[in-house]
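Okay, structure first, notes after.
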Amino acid sequence: MTRRSTAGFPAAALAAVLALAAACAAAPQSVRAAARGADPAAMSATAAAADSIRYAVRITGVNRVGLTVSNYGFFGNNFNSRTPSFEFPLGSGFEHMSRAGLWVGAVAVSDTGLFTGVSTGIIDDNQGTNALSGTEFTPAGNVVLERSRIPNNPSYSKLAISDEDLVCAYSDEPARGPQGYLSEAHQPLDVVVNQTTLGFSLPAAQDFEVMRFSIVNHGPPLKNLYVGFFVQLTIGNKNLYPTWPPSATAGAGSWYYKVYAEYDTTRRMYRAHYCQSVPYPGFCNFNAVPPWSAVKLLGVHPDSVAAKVVSFNWWNHTLGDTSLAVDRQRYARMSDGLHMDPRDCQPGAAQCSPIAMLSVGPFAQVDPGDTVTVDYALIGGDDETALFKNADFAQFASDINYRLPSPPPSPRLRVAAGANRVDYYWDDSPEHTPDETSPAPNHLDFEGYRLYLGLDRQHPQRIAQFDNAAPPGDTVGFNTGFAAVRHDTIIDGVPYQYHYAVHGLRDGFSYFGAVTSYDLGDTRVSSLESGISQNKFRVVPLPAPGEGEGPIVFPNPYRVEARWDRGAQVRDHYLWFARLPERCMLRIYTLAGDRVFETRFDGTTYHGQNARGLYNPLQDLDTGPPALSGASFAWNMITTQGQALATGLYIFSVEDLDTGRISRGKFLVVKSDREGL
């Protein structure tokens, strides 16, 4: 646990980031090693230039914010896929942003004299367009590097600032001609941007992502430099759309024109909420997407925000907007000092979809080799009060240079499913992780474990707690000791020291949970708990191999929806085949003998990947694949020909591939074809 401090940003960490920018372009093999958790300081500057540049993206997943991050100044995914663009809470399907990106503007010097230039990571463009056509930045490397301050994380690095640092670098070189809606040729400022996004799983900091831009001048002096963050907050529920990108003719209708927005001058924060139509708030239907979202300017270096001009501008999404066609116009917008009122963009009938620019400057003189750093945050809140609280904590974190307290790490966890049962297995690594700032003996301030499980994906319930019973580790909780759960187990060659079983669960339902660690605290800082997101899981209780005789189908009959897939799109429905052999062929026939579906099942490798409602790798980034029993298969009732299964009675056969034994049964589906695909 790192105690609170007001010291400046560590020079060694900044130097390492700058060194990384140089190494990225020359050492792709080393960068790949670093992306797997190697220390960037150890990267060697060797390797081939041919593979040294690649446009890359990563998605944050350490907390409740799912954000697509690129190594070319662009954020979000422009709704090109169902992966999180700026999804909050992660796993909910509530999307808050189509796209965002960095602008850097300054008065610069070229061979022909002074010019006003703006290098953009994004411009206004159509939904779904390729982000590369709108960026004027080029990657200085081929990956987005991951680092973590969590000791038992595979990407642990002493250079890490947060639980999940995503680090990359890019340049505004080379010059290029007009392309797409960039109607003016790009003239570089000759800057390199070292970008770091910071994510924390600490409960107080789990609802925001910080974006730090360290802009290094690699050319002649720059005058009056401004930094801006372009963002299109547009809000809806992805789960209501059967196809993607969202279409005005499907699902919940047009995604756009449904934003209520405000600018908070004191907090330097642009915030938005879903609003179906005016008047606000009565006709907004806030319950359709309950959370708020925001972008906030946190800080600058050198100098302070108070000594700069902060501008907030917004304009309606208009392709080919001639008022922002050239760099001089963009620079004027970044530097105008206005605080426009986005409430003028009324949701609903007004057909207004706001684009916002939050900018800061001027940095009067940026000499060759000088660095300007600007920090923004993308913030979510379960409600308006929570948004303000999260925004204020993000500001606090920035003010102390992100030296946030660090609880013991969550343990390494293995979850197994059985009939009406879930088994937890976890290791004791948190007990041996020292906190150098703690006054506890040997700096070991671990206190105990908390176990969570429930049907609520975002807020699973605490179901058990086990903590130290002997001094000095007995200051928090009930002092239960660990004897009741101590059980040394080796699974797939991995040792686990603890085991806990939860019984009485409902087969076929998805449960969400985690095991966290917490510490003793001290006279200065109260006890801290690791975040649920560190080892959050999804598990489905179902009979394991050897539990019960003969394959079964449930629910049987299946009547449009099961209780676990109620309200889902047709391709998100599924029923369960359980008590299957570990290796088998599953075949399904009509009463007339026509085969409508066949699959080879292997319980050791199956994780629900064919049933989108159970597991969608593009969206379920908060949990990863579900833990299943090894003897169960979720069928989405889509035939081999890609059609929704019709109402009727069906026969199934299960052939055990190890014994050759064949089992048969039947099930009834009622009105499963009532929806479109």
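The values are calculated or read from the model by the stated rules, or taken from the named source; none is laboratory data. Bear in mind the structure is a predicted one, so any value in this text is a computation, not a measurement. Glycine gets a Cβ as well: all are built from the backbone with ideal geometry, and neighbour counts include every protein chain shown.
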Q: Name the one entry in G251, G236 that is surrounded by 16 or more Cβ atoms within 10 Å (Cβ to Cβ), among the small types (G, A, S) and modelled with pLDDT of 95 or more.
A: G236
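Within the range 290-300, is there a residue that is more than 22 Å from V372 (Cα to Cα) and surrounded by fewer than 16 Cβ atoms within 10 Å (Cβ to Cβ)?
yes
So which of L225, L233, L198 is more than 19 Å from F75 (Cβ to Cβ) and in the same structural domain as G380 (by TED's automatic domain parsing)?
Numbers: L233 fails: more than 19 Å from F75 (Cβ to Cβ); L198 fails: more than 19 Å from F75 (Cβ to Cβ).
The conditions single out L225.
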Q: Could you tell me which of the residues Q365, Q458 is out of contact with any strand residue (DSSP E or B) (no Cβ under 6 Å at 6 or more places or on another chain) and part of a strand (DSSP E or B)?
A: Q365
Q | Selection from the range 528-538 of residues that are over 19 Å from W635 (Cβ atoms) and not small (G, A, S) | A | L528, E529, I532, Q534, N535, K536, F537
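Checking the condition buried (at least 20 other Cβ atoms within 10 Å of the Cβ), at pLDDT below 95, of a type in the set (A, V, I, L, M, F, W, C) and under 30 Å from L114 (Cα atoms), which residue from L324, L319 passes?
Unique residue meeting the criteria: L324.
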Q.
Here are the criteria: (1) of a type outside the set (S, T, Y); (2) in a helix (DSSP H, G or I); (3) under 18 Å from V515 (Cβ atoms). Tell me which single one P411 does not satisfy.
A. (2)
Q | Subset tally (residues that are of a type in the set (A, V, I, L, M, F, W, C), buried (at least 17 other Cβ atoms within 10 Å of the Cβ) and not in a loop (DSSP other than H, G, I, E, B)) for the range 553-576 | A | 4
Q: Tally the residues that are among the aliphatic types (A, V, I, L, M) and free of Cβ contacts under 8 Å to residues at least 40 places away in the same chain, restricting the search to the range 258-302.
A: 0
Q. So which residues in the range 280-335 are in a helix (DSSP H, G or I), touching a helix residue (DSSP H, G or I) at 6+ places or on another chain (Cβ under 7 Å) and within 30 Å of D392 (Cβ to Cβ)?
A. R333
Q | In the range 369-394, the residues that are closer than 13 Å to L233 by Cβ and either at pLDDT below 95 or in contact with a Gly (Cβ under 9 Å, 6 or more places away or on another chain) (or both) | A | L387
Q.
Please verify whether A261 is surrounded by 15 or more Cβ atoms within 10 Å (Cβ to Cβ), in the same structural domain as T371 (by TED's automatic domain parsing) and either within 30 Å of H573 (Cβ to Cβ) or more than 27 Å from the chain's Cα centre (by Cα) (or both), treating the condition exactly as stated.
A. no
Q) Which pairs have Cβ atoms under 8 Å, sit 6 or more apart or on different chains, and link a residue in the range 526-550 that is free of Cβ contacts under 8 Å to residues at least 40 places away in the same chain to one that is in a loop (DSSP other than H, G, I, E, B) and buried (at least 20 other Cβ atoms within 10 Å of the Cβ)? A) E549/R579
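Residues that are within 30 Å of W244 (Cβ to Cβ): which strands (runs of 3 or more DSSP E) entirely in the range 98-191 hold 2 or more of them?
On the way: elements: 113-120, 145-147, 164-171.
The qualifying strands (runs of 3 or more DSSP E) are 145-147, 164-171.
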Q.
So the check is Cβ under 7 Å with 6+ separation or different chains; which pairs have a first residue in the range 73-84 that's assigned by TED's automatic domain parsing to the domain that holds L240 and a second one that's modelled with pLDDT of 95 or more and aromatic (F, W, Y)?
A. G73/F137; G73/Y170; G76/F86
(Q) I need every pair where a residue in the range 208-225 that is of a type in the set (A, V, I, L, M, F, W, C) and crowded, with 16+ Cβ neighbours inside 10 Å has its Cβ under 8 Å from the Cβ of a residue that is modelled with pLDDT under 95 and not in a strand (DSSP E or B), sequence separation at least 6 or different chains. (A) V216/L18; V216/A21
Q: Of all residues in the range 124-154, count the ones that are of a type in the set (V, I, T) and farther than 26 Å from G199 by Cα.
A: 1
Q: Can you tell me which residue among L404, L387, L451, L378 is in a helix (DSSP H, G or I) and under 22 Å from L202 (Cα atoms)?
A: L387
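Those residues that are within 25 Å of Q458 (Cβ to Cβ) and either in a loop (DSSP other than H, G, I, E, B) or not aliphatic (A, V, I, L, M) (or both), I need them from the range 270-279; list them, please.
Applying the first criterion (within 25 Å of Q458 (Cβ to Cβ)) to the range 270-279 yields 270-276.
Within the range 270-279, Y270, R271, H273, Y274, C275, Q276 meet the criteria.
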Q) Restricting attention to the range 422-439, and to residues there that are outside any loop (DSSP other than H, G, I, E, B) and among the hydroxyl-bearing types (S, T, Y), which single residue is surrounded by the fewest Cβ atoms within 10 Å (Cβ to Cβ)? A) S429
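Go through the range 301-316 and give me each residue that's among the small types (G, A, S) and crowded, with 20+ Cβ neighbours inside 10 Å. Talk me through it step by step, then tell me what you get.
From the range 301-316, those among the small types (G, A, S) are 304, 306-307, 311; that's our starting set.
Passing the criteria: only S311.
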Q: Kindly provide the set of residues from the range 303-343 that are free of Cβ contacts under 8 Å to residues at least 12 places away in the same chain and either farther than 21 Å from V227 by Cα or not assigned by TED's automatic domain parsing to the domain that holds D375 (or both), ordered by number.
A: T322
Q: Scan the range 486-526 residue by residue and report those that are assigned to a loop (DSSP other than H, G, I, E, B), at pLDDT 95 or above and polar (S, T, N, Q).
A: S510
